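Scroll down for the structure; my scribbles are underneath it.
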Amino acid sequence: MEGPGGPLILGIETSCDETAAALVTDEGEIRSSVVSSQAELHARYGGVVPEVASRRHLELVTPVIREALAEANASLEDVDRVAVTRGPGLIGALLVGLAAAKAVAWSRRLPLVPVDHLDGHVASLYLEPDPLEPPFLCLLASGGHTMLLDVRSYTERELLGSTLDDAAGEAFDKGARLLGLGYPGGREIDRLAGEGDASAYDFPVARVPGLDFSFSGLKTALLYAVRDLGEEELDARRADLAASFQHAIVRALVERVREAATQAGRDRIAIVGGVAANSALRAALPEATAAPLALCTDNAAMIASAARWTEAVPYPRYLALDAYASR
Ligand code: KG4
Ligand code: ZN
């Protein structure tokens, strides 16, 4: 069998409920990307339980790293630096990945690259086979963040707008819960919306000044709509509700990202993060570059990718490095 050739970056991501490891080259070629989702484990609670997530990461992180190495037909000898998500995210979950990364790097006297999770999402666009080059206007929409970023270069970006309350993915997840759908909710709403009529309900989205977002009113509107229906009626209207709710979120995102692109003078738009996997959003922004589906939701290839533009901490200085829950 062929060897991996050239040095590899080992990426590790454990900020939420995905335990992930990947091997990526300096040129941005993905040699392997393993994602072990804990979604089923958390589904019975209707959301991520931080303590449960940390424990599961601890069980999974070593096997997932091993699998990533095996899939790339590589060993630790082929790795020249270890990249890991340092934050933002669930602090206990982050600490598991950070400790694993330190241990692997330290054992081989390798440098360690602490990566910001949000830089990781943006860097999902820089991977082969179709890497995007800055500058561009980027919508980062995930379970924890909704941001409009003017990405000027690989290392410079400006925040133009963000959510004042719920993140877009959080709105999807809360909406799904109101509709009695499973967790994680975004994908469920996306699927069910395909069978519904998006114009059945006219859900409003708050217009806030500037380039910010607000989704909490929309959630309340859905709550009222659901409350007014009986059990049987809800069953009959669930797909219409999902489609209309999704339509409202997508409309808000699309309007604002286009406004931001005009204001920043960018002719290219990109969408990243879990919500960028949404089929209605992708269809509503045909001019945008969307990260490949597998790279929208949390993964470690994007973390290794971001490490290509992030300063490495030399051995053994990183042993004292801490994780951060928020910025
Ligand atoms: O980026 P991500 O995996 O994790 C965070 O950094 O938060 O994003 C997860 C979020 C969840 O809220 C999930 O419901 C949402 O992305 N999501 C979707 C879809 N797939 C995942 N939302 C809408 N449509 C989808 N197809
Ligand atoms: Zn994420």
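Just a few scattered comments:
- From largest to smallest, the equivalent ellipsoid semi-axes obtained for segment 279-327 from the alpha-carbon gyration tensor read 33, 13, 9 Å.
- Farthest positive-ward along segment 8-89 dipole, Cα basis, beta-carbon charges - from Asn73, Gly87, Pro50: Pro50
- Quotient of Cα Rg and 2.2 N^0.38 Å for segment 254-294, N being how many residues it contains: 1.12
- Distance between segment 264-325 and segment 17-57 - C-alpha centres, whole angstrom: 15
- Loop-resident trypsin sites (Lys or Arg not before Pro) (DSSP state other than H, G, I, E or B) in segment 58-137 with no more than 10 further Cβ atoms inside 10 Å of their Cβ: Arg109.
- Summary of packing: across the peptides 264-273, 71-80, the per-residue average of other C-beta atoms within 10 Å ranks them, highest first, as 264-273, 71-80.
- The ellipsoid that matches the Cα gyration tensor of segment 214-327 has semi-axes, each √(5λ) in whole angstrom, of 37, 21, 14, with the longest given first.
- Under 5 Å from the amide H of Ala83 lie the amide H atoms of Leu10, Gly11, Ile12, Val113, each residue being 5 or more positions distant or on a separate chain, with H modelled from the backbone and absent for Pro and chain starts.
- In terms of its C-alpha gyration tensor, segment 1-120 comes out prolate, because a/c is 1.5 or above and the ratio a/b outweighs b/c.
- Inverting the pair-averaged 1/r between distinct Cα atoms of segment 136-267 gives 15.3 Å as its Kirkwood hydrodynamic radius.
- Assigned charges on the beta-carbon of Lys, Arg, Asp, Glu; segment 136-267 dipole about Cα centre (debye): 340
- Here the average projected area of the convex hull drawn through the C-alpha atoms of segment 55-148 stands at 7.3 nm².
- Relative contact order of the chain, taken over Cα pairs closer than 8 Å and 6 or more residues apart, is 24 percent.
- Between helix 231-264 and the chain there is an angle of about 60 degrees, using the helix long axis and the longest principal axis of the Cα atoms.
- Most to least packed among 314-321, 189-196, 118-125 [average Cβ atoms within 10 Å]: 118-125, 189-196, 314-321
- Mean separation of Cα contacts under 8 Å (6+ apart) over length of segment 136-267, as relative contact order %: 27
- With eigenvalues of the C-alpha gyration tensor scaled by 5 and rooted, the chain, Å: 35, 22, 17
- Average accessible area per residue (Å²) across the chain - probe 1.4 Å, nucleic acids and ligands excluded: 44
The values are calculated or read from the model by the stated rules, or taken from the named source; none is laboratory data. Keep in mind that this is a model prediction, so the values were computed, not measured. Because the Cβ atoms are built from the backbone with ideal geometry, glycine has one as well, and the counts that use them run over all protein chains shown. Heads up: the accessible areas ignore ligands, DNA and RNA and are worked out on the full protein's heavy atoms, side chains in. Shrake-Rupley method; radii C 1.70, N 1.55, O 1.52, S 1.80 Å.
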